[in-house]
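Q: What follows is a structure written as structure tokens; I'll ask about it next.
The values are calculated or read from the model by the stated rules, or taken from the named source; none is laboratory data. Since the model is a prediction, treat every value here as computed from it, not as a measurement. FYI the Cβ positions are ideal-geometry reconstructions off the backbone, even for glycines, and counts take in every protein chain you see.
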Amino acid sequence: MRVFSIVARTHWKERCQDYVVGRQCRDGGFCFYRSDYIEESNLYDTGFALATLRVLGRMPPRRGELESWFAAQRDPLCRNASLAALWSYERGVRLLGLKPAREIRETVVRCIATVVPLPSREELKSWDASALLRDLFQMAKLSAWSCSPPPAPWRQRLSALLEALRGESGAFPKDHENLVDSAKALFVARLFQIPIEEPPLLRFARHQLACSDVSGSWSTESASLEAVRSGLELLAAFSQRPEEQRRRNLASQIEACQVASGGFGRRIGAIPTLEDSYHGAKALRFLE
């Protein structure tokens, strides 16, 4: 039985690797819907492809072409740099062990200097809290990578905003607490060294992972692969993990999200993407 378990786990890794490698385009970048008829390599998919290969302990294929592809992204990024694109670029080159181009580094510093606009408590009701936390997480990572902290007054406003976003359970965001946003909020606070009450987040993650019914269609947001990965990441941030039987159950359901091509879908029966393959592989690694 033990031998079978090891073989099965190795099998999902090999299948996942085959899926990721098969999404590499002729120019070196990656696209989750790449086929014989269409190739649209992009920073977002390429970043998740490299992150998945890192989780699997595999080297990126066709590295020379991949490095050339990243070099070709410099001019477009400098002309029209979105926060998400800069985050994907920095993430990708760091996973390759490269130094970001000087022009990109200057663009990142300018982006952080302008900072993500923070709504007041009164304005918060009309904002998408999940999108705001995503932007804050990406900015926090860029700030840490570039050693360019935002100004102190902005960080003080962020501290008050995080408190306003906290729900009754202690998780994030208010009135729509979920594992994905709660994990982002915790890491934003830690990266920016903003003190928040952390124990409620640990209790929330334990409860969500313990009671989530992932044996069916995974029809709820809290049961997506990203949510499960975020919950496990929250536990790992406190050096904890689910009990053994729960780990087995979660691993079984996550593996059921892997399709014939080797990629993972967001839920059982969903189409595979490079992003969800990262969530699936990372979650299974947490459960090993």
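Q: The conditions are (1) at pLDDT below 75; (2) charged (D, E, K, R); (3) part of a helix (DSSP H, G or I), and E106 fails exactly one of them. Which is it?
A: Answer for E106: the failing condition is (1).
Q: So is S230 within 30 Å of R157 (Cα to Cα), at pLDDT 90 or above, outside any helix (DSSP H, G or I) and under 20 Å from the mean Cα position of the chain (by Cα) or not?
A: Against the criterion (within 30 Å of R157 (Cα to Cα), at pLDDT 90 or above, outside any helix (DSSP H, G or I) and under 20 Å from the mean Cα position of the chain (by Cα)), S230 does not qualify.
Q: Would you check which residues across segment 167-189 are more than 14 Å from G231 (Cα to Cα), surrounded by 15 or more Cβ atoms within 10 Å (Cβ to Cβ) and touching a residue at least 12 places away in the same chain (Cβ under 8 Å) and list them? Lay out the reasoning, then the answer.
A: Narrowing segment 167-189 to residues more than 14 Å from G231 (Cα to Cα): 167-170, 173-176, 188-189.
If we keep only those that are surrounded by 15 or more Cβ atoms within 10 Å (Cβ to Cβ) too, we end up with 167, 169-170, 173-174, 188-189.
Listed by number, the residues that qualify are S169, G170, P173, K174, V188, A189.
Q: Out of segment 122-173, which residues are among the charged types (D, E, K, R) and not in a loop (DSSP other than H, G, I, E, B)?
A: Taking segment 122-173 and keeping what is among the charged types (D, E, K, R), we get 122-123, 125, 128, 134-135, 141, 155, 157, 163, 166, 168.
K125, R134, D135, K141, R155, R157, E163, listed by residue number.
Q: Something else now. If I254 meets every condition in (1) within 30 Å of R34 (Cα to Cα); (2) out of contact with any strand residue (DSSP E or B) (no Cβ under 9 Å at 6 or more places or on another chain); (3) in a helix (DSSP H, G or I) apart from one, which number is that one?
A: Of the numbered conditions (1) within 30 Å of R34 (Cα to Cα); (2) out of contact with any strand residue (DSSP E or B) (no Cβ under 9 Å at 6 or more places or on another chain); (3) in a helix (DSSP H, G or I), the odd one out for I254 is (2).
Q: Still on this structure, please answer the following. Looking at D135, D175 in this structure, which one is of a type in the set (D, E) and closer than 23 Å to V109 by Cβ? Break it down stepwise before answering.
A: Numbers: D175 fails: closer than 23 Å to V109 by Cβ.
Just one listed residue meets the conditions, D135.
Q: Test of understanding: among S41, S88, which residue is of a type outside the set (A, V, I, L, M, F, W, C), surrounded by 15 or more Cβ atoms within 10 Å (Cβ to Cβ) and in a loop (DSSP other than H, G, I, E, B)?
A: On the way: S88 fails: in a loop (DSSP other than H, G, I, E, B).
Going through S41, S88 in turn, the sole match is S41.
Q: Let me ask something else about it. Examine segment 274-288 for a residue that is among the polar types (S, T, N, Q), closer than 17 Å to R54 by Cβ and either surrounded by 20 or more Cβ atoms within 10 Å (Cβ to Cβ) or touching a Cys at 6+ places or on another chain (Cβ under 7 Å) (or both), and state whether such a residue exists. Show your work before the answer.
A: Taking segment 274-288 as the starting set, the residues that turn out to be among the polar types (S, T, N, Q) are 277.
Checking the rest, the ones that are also closer than 17 Å to R54 by Cβ come to 277.
Next, from what is left, pick out any that are either surrounded by 20 or more Cβ atoms within 10 Å (Cβ to Cβ) or touching a Cys at 6+ places or on another chain (Cβ under 7 Å) (or both): 277.
Within segment 274-288, one or more residues are among the polar types (S, T, N, Q), closer than 17 Å to R54 by Cβ and either surrounded by 20 or more Cβ atoms within 10 Å (Cβ to Cβ) or touching a Cys at 6+ places or on another chain (Cβ under 7 Å) (or both).
Q: Considering segment 230-288 alone, what residues qualify as being of a type in the set (D, E), in contact (Cβ under 8 Å) with a residue 12 or more places away in the chain and more than 21 Å from D181 (Cα to Cα)?
A: Within segment 230-288, the first condition is being of a type in the set (D, E), and the residues that meet it are 233, 243-244, 255, 275-276, 288.
Now restrict to residues that are in contact (Cβ under 8 Å) with a residue 12 or more places away in the chain: 233, 255, 275-276, 288.
Within segment 230-288, E255, E288 qualify.
Q: Out of all the residues in segment 22-38, which are surrounded by 16 or more Cβ atoms within 10 Å (Cβ to Cβ) and either basic (K, R) or within 19 Å of the chain's Cα centre (by Cα) (or both)?
A: Scanning segment 22-38 gives R23, G29, F30, C31, F32, R34.
Q: State which residue is nearest to Y278 (Cα to Cα) when the search covers only segment 91-103 and only residues that are free of Cβ contacts under 8 Å to residues at least 24 places away in the same chain and not in a loop (DSSP other than H, G, I, E, B).
A: V93
Q: In segment 50-70, what residues are within 19 Å of the chain's Cα centre (by Cα) and not in a loop (DSSP other than H, G, I, E, B)?
A: L50, A51, T52, L53, R54, V55, L56
Q: A further question follows. Take the conditions buried (at least 17 other Cβ atoms within 10 Å of the Cβ), closer than 26 Å to L179 by Cα and touching a residue at least 40 places away in the same chain (Cβ under 8 Å) and apply them to A144. Does it pass?
A: no
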